[in-house]
Structures are given as structure tokens and as C-alpha cells.
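Right, one structure below, let's go through it.
Bear in mind these aren't lab numbers, they're just calculated from the coordinates by the rules spelled out. Computed from a predicted structure; not experimentally measured. In this analysis, Cβ positions are derived from the backbone assuming ideal geometry, glycine residues included, and neighbour counts consider all displayed protein chains.
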Amino acid sequence: MGYTLTEKILREHLLDGSYEPGNEIGIKIDQTLTQDATGTMAYLQFESMGLKEIATELSVSYVDHNTIQVGFENADDHAYLESIAEKYGIYFSRPGNGICHQVHLERFARPGKTLLGSDSHTPTAGGVGSLAIGAGGLDVAVAMGGGAYYLTAPKVINVRLTGELQPWATAKDVVLRVLQILTTKGNVASVCEYTGEGIEKLTVPERATITNMGAETGVTTSLFPSDLQTRRFLEAQGRGDQWVPLGPDRDAEYERTIEIDLSEMEPLAAAPHSPGNVVKIRDLDLAVDQVMIGSCTNSSFVDLMTVAAMARGRHLPSGVSLGIAPGSRQVLNTIARNGALSDLISFGARILESACGFCIGNSLSPRTDSVSVRTSNRNFKGRSGTPSANVYLTSPVVAVASALTGRLTDPRDLKIAIPRVEMPEHFEIDDSMIIPPMPLESRADVEIQRGPNIGEPPLNGPMPEGIRGVVAIKVGDLVTTDHIMPAGARLKYRSNVPKYSEFVFEPLDKEFSARASALRDKGQHNVIVAGQSYGQGSSREHAALCPMYLGVKAVIAKSIERIHAANLVNFGIVPFSFVREEDYDHLKTGEEIRIPGLRRLLENENDAALALSGEKEIRLRMNLSRRQRDILLAGGLLPFTVQGKK
């Protein structure tokens, strides 16, 4: 039996464990990336481990999330990140250079390499055949120091594409169709691998759109082979020498196969409030208030050239606002020089910085009760910064068609010819806003810049003998990391855990932080009870770190998403699941709860535990490796790693 491409890359990088789907394995990481919202804490953790330099082939620190300077906090964090990069030999992509995933795809991602990023959309690099995985910042810090990254050896899903996209159907519609099939839950420890003759005409930017938004299904990553399209893209980026052909064996066996005929695709949208709520554009009839084009999903050169061509010679109707954020400085420079930027400005677009911006809700929030059409990847309730807004996720051609008409519009109904835009044979390369690593002999004199908002990462104590405390909060299904740890304006406190912890669960329960703090100060343990797919969305480790700071010792849920479950373990919080899901109904906020003998259970590799609340006995399950148990016993990955170095 042959190997899938996923298995080939994982086996080549295997450091620990045996490769069998479902087993925990440790792999070597070739490249890492961080962004400022998660990277600041990752580098603070890297420092606290006592590591002297990075051990990866390449690590890049990007500033793309909180680039808006409201108060001193963001600017101080950027200065810290730049000085850390100088000190430890890390590439530094300055604010304004672009969104990490777009820039990494253009300048650094390589076929066959492993990439670990402190952002859930790191799988974007799967568009060039890189096995790229999103993780918490602490996992990335360990990988930068040369430690293995641990994951469950995945089941591989074959997404077989046939046919060819017809006019006005796009890669965004393909990934929305994948979301329609797989949904946003139940895909933990799986990888989507794309095969079939349909991939041959998909360019790398189109493939990257698909792998980027594949993150919303909950799979570990998504992957395309490295073929002639990959070679063409790398050559256009001046990196043709980095191309290698890669693909699955002809007799590779997959967990299952999904067939998608590209010729049958049509314009789709993800309706509020989930990326998995997929509908046909022609089934919607809505007035549109705002259109936002950009994000790491759809901000490539071809995307924006197509938008500019559709807008050329036309004007934005009254009542509709339009914002456009090019994904990188390379894209922005190119459309500025060829005149497309002028077309967009003349149309009435507001040109935004090459950054995450509107996608994470820190700018351009829509008005109350509005309809916002966006080309980004998430439309969770309130993520736009406006809780009452209804956000629809679409392709750029649907977005600009809707801007033209003021209504959600299928571009096939415009009765205009689709613009023919080709990827250039050679991009204009300017890496002047990427600061390369300093020579080793110059790093000793670098002084790390620490503003007053930057604190030490808090350390957890060892796991207690048992948990005795209170159900501090009970939440429902599909609770995202944005619900747990709000982004937007709150992100500026990311390097100040005591302050950021004041906002845990703010969108769901504004009193949670004060309540949990009071219980912690009384010596009680806090427990979170949740429904299905708890912790989906961003890789934001603060959604585990800040609850840990507030005294949370366990999460009991119907199911927990991959990255968040790993982050919980990393910060000494036990992820439990209900043996009987109906027991979820038997626990209430404020109830006293005990989980006796927990430390003994972890030491003896017992997966079963019992929660006691009044006269109720609730059976729980732990699905943990020996390594994860040792991490929990130590109080988290940071104390576990520090202990291991003594």
C-alpha cells in the first residue's frame, strides 16, 4: 500500500512515536511563523524557557493583527517583537508588509516542509505543498527551540476534484462546498488532501484560498501536491530553485473520498453566523450595507485585479460602504503600478492597510443590524465588532457584484463578461520590509524592548490531588475562542495576562472574570462546562492561558476542538468529555463539583474519571497521551519544559 502525501511528509519528519492513525506522534518542524496577537506571548514563553537561539531552518515574526495604534500597547509590543527577532535570529516582517499567511506563501513557504504557526490559518501554505499546521504560541515556542511538535497521526480525507471551474465560480465556492459536506465539527485529527485532474488548473493562490478556509472544518490541515502550478508560482516569486515535485503514491489509501465536480460549482455564501452555514447566492435576496474585500483568504493579486476590472468605470451606490485590504505590500505595490488601485479608488473603495484589520473586528465594524458581505473566513456572531450585524462570507466576485448593485448578487446576473486576469510570470520582488536575522556575533548586544504592558507569562502550579470547586460557567454548542477571549480592541492586552483576563467570556457573561477571580482567591477550583465543538476558531492560546490565570482547572464538554484542547493541556487545564452527553443537562452554573483522585488517575493512565455534584455522579473521559498526562501533572507545558531542562 502506498502513502498519501500527508503521510510521506509526516514520516519524513517523524521524531517520536509510531505512525498509526490515532497515535500521538512528534514531528520535526522546519519553519515557524507568529503574528503579533499571539507571538508576543510566544516569545515571552520562549525567553522563560531559557533558550538561547532558534533551532528551526527559518522562523518569521509577522506584525499584521493589531497594527492600529490606539494607546501605547500595540506599538510597545511591536518594538518588543522586533528586538526579540534581532536577539534570536528571526526574520521580522514589519507592520504594513502584509498578512502573515499571504506573505509567507509568497516569500517563504516551500513544498515538503513542515510549518507550525501560532495562527489557525497557517494551513494556507498547504497551497504550495507545505504541511502547515496552526497551534498555540507555546507549542510554537517549543518548536523554535528544537522540540518536537506533537499531534495525533491523522486520518487523511481525499478531496478529489474533477472538471473545471466555470465563469464566476471560484476557489472560495469550492471550499464553501467542502464546508457544506464536512461541516465545522467532527473532523478532529483529519487532513484534507486534494487530488484529481481538477486541481491541474487551480493556481497556487486559488489553492491557498481552499487550504486557508479548510481550517473552519476543524481538520489539522489541508494539502495540495507540488506540481507544475507550484513551480510556476515559485518561479514567479523568484524562488524556482525551491520547487520539488511531490504527490501521493498511485496506490495510496485514504480514510474516505469526497468527489467534487468543479464544473458544477456556483457562487455560494456562508450565511450568519457560521462558516458552515452555506447557501446559494441566488437563494438570498438582501440589501447590503457594507462590503469588505481582503483577509488571508482572498486578497491575492488575481483577486484584487478581478475586483478592479469589475469596478472600472463604475461608481459605488449610495448607502453601501466598501473597504479593500490588499493581502501584502507586494500585491499593493503591483496594483498601484498597473493602475488597478486607481480604478478601485475611483469606484469609491476605501483602501485599507495590508493587515488583518476588519477580519478580526478591530476596525471598519458595520452599523447596527446591518448586512456585511466579506471575503474573509469567519462570521461568528460579534466577530465583526458589531454584535447585531449579519456577516455573509463570499468570493471577491460576489462581493464586488454586491457592491455594484447594493444587494447580495450572483455575478452571473450582472450580464457582464468575466474579467480574464492571469497570474504574472514574474512578481515585483521587494523584501525591504522584511528584516533578516542579524549575524550571530551581533546579537549579544541587542537590548530587548519591554513596554509597561508587557509582563511575565504566568506559571501554573502542579496538578492538585483532586478538583474541588464550582461550575464557574456553563456554555452551549459552538463556543469559539472569540467568545472565550474577545479579539478586536481587547487584543492590545495580549501581553498583559492579568488585564486581558478581565475580559474572559465577556461576550457571554460579563461577570465571569470577577466571579472566577473571587472563587480562585478563596482557594476553590473553577470548572467550565460546555457543549459541542468548544473552542473552535482562532488558535488564540489566551483562551486557555487567561482561564488558567483565573483558576480554571478543568473543562467538561461534549467535544473540544483540536487546537484548543492542546492549549488547555499546555496550560494545565484538563480537557474532559462526557461519557453520556445527556449529563451535560445535569450541571448548572454555580454548582459545587468535585473530581477526586485526579492526580492518581493521570499518573496511572486511567481514562475514566467521576465528577460528583450533590448526589449526581457524572462519568467523564480523558483521551490523553502519556506525554500530555505528564504535562498536566507538572501544571502545563512551560513548567514541564523548564523542569526537563534542569
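The figures follow:
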{"read-out": "Modelled FRET efficiency - R0 22 Å, Leu610 with Asp630, Cβ distances, 0.05 increments", "value": "0.50"}
{"read-out": "Burial ranking of peptide ranges 419-425, 448-454 (average Cβ count within 10 Å, highest at the top)", "value": "448-454, 419-425"}
{"read-out": "Fewest-first ranking of Thr217, Thr203, using other Cβ atoms within 10 Å as the exposure measure", "value": "Thr203, Thr217"}
{"read-out": "Estimated FRET transfer efficiency when R0 is 41 angstrom, pair Arg594-Gln69 (beta carbons, to 0.05)", "value": "0.30"}
{"read-out": "Local net charge near Pro424, Cβ-Cβ under 14 Å (Lys/Arg +1, Asp/Glu -1)", "value": "-3"}
{"read-out": "Calculated from backbone phi, Karplus (6.51, -1.76, 1.60) coupling profile of the range 358-365 in Hz, x at Gly/Pro", "value": "4, 5, 9, x, 9, 6, 6, 5"}
{"read-out": "Between the range 465-485 and the range 619-645, the alpha-carbon center distance in angstrom", "value": "20 Å"}
{"read-out": "Enclosed volume per residue, in Å³, of the convex hull spanned by Cα atoms of the chain", "value": "145 Å³"}
{"read-out": "Cβ-Cβ FRET estimate between Ala444 and Glu47, R0 fixed at 22 Å, reported to 0.05", "value": "0.90"}
{"read-out": "Relative exposure of Glu353, Glu164, judged by other C-beta atoms within 10 Å (fewest first)", "value": "Glu164, Glu353"}
{"read-out": "The chain: calculated mean residue ellipticity at 222 nm from DSSP helix runs of at least 4, using -39500 (n - 2.57)", "value": "-8000 deg cm²/dmol"}
{"read-out": "Semi-axes of the equivalent ellipsoid for the range 268-414, Cα gyration tensor, largest first, Å", "value": "22, 17, 13"}
{"read-out": "Percent breakdown of C-alpha pair distances by 10 Å bin, ordered from the shortest bin, for the range 467-644", "value": "10, 41, 39, 10, 0"}
{"read-out": "Stokes-Einstein D (µm²/s) once Rh is taken as the Kirkwood radius of the range 5-264 over alpha-carbon pairs, at 10 °C in 1.306 mPa s", "value": "85 µm²/s"}
{"read-out": "Amide H within-cut-off set for Ala252, under 5 Å, with H built and near neighbours excluded", "value": "Gly2"}
{"read-out": "Within-13-Å neighbourhood charge of Ala287 [Cβ basis; K, R +1; D, E -1]", "value": "-1"}
{"read-out": "Coarse-grained scattering of the range 355-467 at q = 0.14 Å⁻¹, given as base-10 log I(q)/I(0) from a Debye sum over alpha-carbon atoms", "value": "-0.90"}
{"read-out": "Burial order of peptide ranges 625-635, 220-230 (average beta-carbon count within 10 Å, highest first)", "value": "220-230, 625-635"}
{"read-out": "Sequence ranges 354-360, 179-185, ranked by mean other-Cβ count within 10 angstrom, highest first", "value": "354-360, 179-185"}
{"read-out": "Potential extension, Ile181-Arg314 segment - 0.36 nm per residue separation minus Cα distance", "value": "44.1 nm"}
{"read-out": "Full-extension gain in nm, Asp431 to Gln166, via 0.36 nm per residue minus C-alpha separation", "value": "91.8 nm"}
{"read-out": "Global form of the range 402-559, assessed from the alpha-carbon gyration tensor, a/c cut-off 1.5", "value": "oblate"}
